[in-house]
Amino acid sequence: MPVIVQPQSAVAGVDPGEPHLQKSMLPEKLIFIDNLKVFLTILVILHHTAITYGADGSWFYEEVKQTVMPDSLVLTLFAAVNQSFFMGLFFFLSGAFVASSLMRKSTGEFMSDKLIRLGIPVLLFIFLVFPLTVWVGHFPLTFASFTQDIPRLLTEINLSHTGPTWFILVLLMFNIIALACRTFLLRYAQSMKPLTGWHYLGASIAVGAISFLTRLVFPDGFVVLNVQLSYMPQYIVYFFVGVVMGVGGITQLCKQQQIKHWLIPAIITFLVMVVALGVVKDTEPFKGGFNPWSILYSFIQGFHSVAFSVVYIVLFYRVANRTLWLDLGRSAYGAFFIHALVIVAIAIALQPLVMAPMLKFLLLGIVGVPASFALGYLLTRLPGLRRVF
């Protein structure tokens, strides 16, 4: 959740430097990709909102710790389904524009673009957004606290303080690898034949198997530079498959695959996961190790990663391939970048309210999503940051 399988004319004029597509440069038939990225950004914001109020996971501010209470289990299931596909799909969509960029740009131009679009946001988050978010979530919001705690937090800065921008940092690394493998990737993309549903099913099994083996060593929750290593195999596969498929391959996928062929078994396997969680009443066995629950979750995750990716790509191609969300698309990258500070600040403001965790999750989502996109839009208007966001 990338020369290109389909003719590159399909993306003529598009700036594939990512992470956003520009309205004036986006061909009409590719608008669904921008709209899909808006949707995925909303899911990321809601995902972290769910962790704030009891879902399993780690976040800047956790008002409610994970329990076996119904609200917590529901939010954990929501987060687990998101985790199974949405970042992988992000990598896939980002990779889909890489080959055309490699073809059109020199090594210097390619790296310059990536360092501006991807490197600068990571540095801004580490040195600005991260300390502010930690301060808002954990210290008294007073001027005295600001002058004392912010300087101290800045002295503790390190590469693990990427927050959600771990994705951008890993994407930068993947782009550098793609540049190093430019000749091989472009040659492979030219010779690649159209994929069928069996290829996607095989990929889901492969991702499940690799994820299970990875979890034997690195269970869920084991992080390096803020990246969960148990999901890295999926991210690697999705990005580089996106590179060799390209935008033309995505369009071909949309025309060949049927939503019902993926959605129905995805729902069935989700219900299996619900029953399993209800039986175990603990998420730990699913996170790794040689046990049936880890095997079950790894293969369901592998299938969900492909199934939900296909479902949403095809769905948005059919119903959202128009300018409906395009202005939000311009703000999505900034919303992704700034949402941690936004939802932590709003959660702190809502803290005095006595409400069920699920209701607070809904309230924070209703307020936090538009607030994140509004600030994301402001980032696109700031001098010096327009080329970045």
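The values are calculated or read from the model by the stated rules, or taken from the named source; none is laboratory data. Predicted model, so just to flag it, every value in this text is computed and none were measured. Here the Cβ positions follow ideal geometry from the backbone for every residue, glycine too, while neighbour counts run over all protein chains shown. Protein only, heavy atoms only, side chains kept; ligands, DNA and RNA dropped before computing areas. Shrake-Rupley method; radii C 1.70, N 1.55, O 1.52, S 1.80 Å.
Here are the numbers:
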item	result
Test: residue in the stretch 362-377 that is modelled with pLDDT under 95 and of a type in the set (V, I, T)	no
Cβ-Cβ under 6 Å pairs, at least 6 apart or on other chains, the stretch 169-192 side within 21 Å of F336 (Cβ to Cβ), far side of a type outside the set (A, V, I, L, M, F, W, C) and outside any helix (DSSP H, G or I)	L169/T162
So L296, is it at pLDDT below 90 and in a helix (DSSP H, G or I)	no
Single residue of the stretch 144-165 satisfying the filter (farther than 25 Å from A335 by Cβ and part of a loop (DSSP other than H, G, I, E, B)) that is least open to solvent (accessible area, probe 1.4 Å)	N158
Filtered residue count, the stretch 180-232, keeping only those that are open to solvent by less than 30 Å² (accessible area, probe 1.4 Å), under 30 Å from T107 (Cβ atoms) and small (G, A, S)	1
Residue within the stretch 232-248 that is over 25 Å from L30 (Cβ atoms) and part of a helix (DSSP H, G or I) present	yes
Positions within the stretch 249-260 being open to solvent by less than 40 Å² (accessible area, probe 1.4 Å) and either in a helix (DSSP H, G or I) or at positive phi (or both), in sequence order	G249, I250, T251, Q252, L253, C254, I259
Count of residues meeting criterion [more than 19 Å from A96 (Cβ to Cβ) and either at pLDDT below 85 or under 22 Å from the mean Cα position of the chain (by Cα) (or both)] in the stretch 203-216	9
Given (1) under 22 Å from F286 (Cα atoms); (2) in contact with a Ser or Thr (Cβ under 6 Å, 6 or more places away or on another chain), number of the condition P70 does not satisfy	(2)
Residue list for the stretch 187-202, restricted to those being of a type in the set (A, V, I, L, M) and either under 25 Å from the mean Cα position of the chain (by Cα) or at positive phi (or both)	A189, L195, L201
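For (1) open to solvent by less than 30 Å² (accessible area, probe 1.4 Å); (2) on the phi > 0 side of the Ramachandran plot, each residue gets a yes or a no:
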{"site": "L36", "(1), (2)": "yes, no"}
{"site": "I42", "(1), (2)": "no, no"}
{"site": "G57", "(1), (2)": "no, yes"}
{"site": "D71", "(1), (2)": "no, no"}
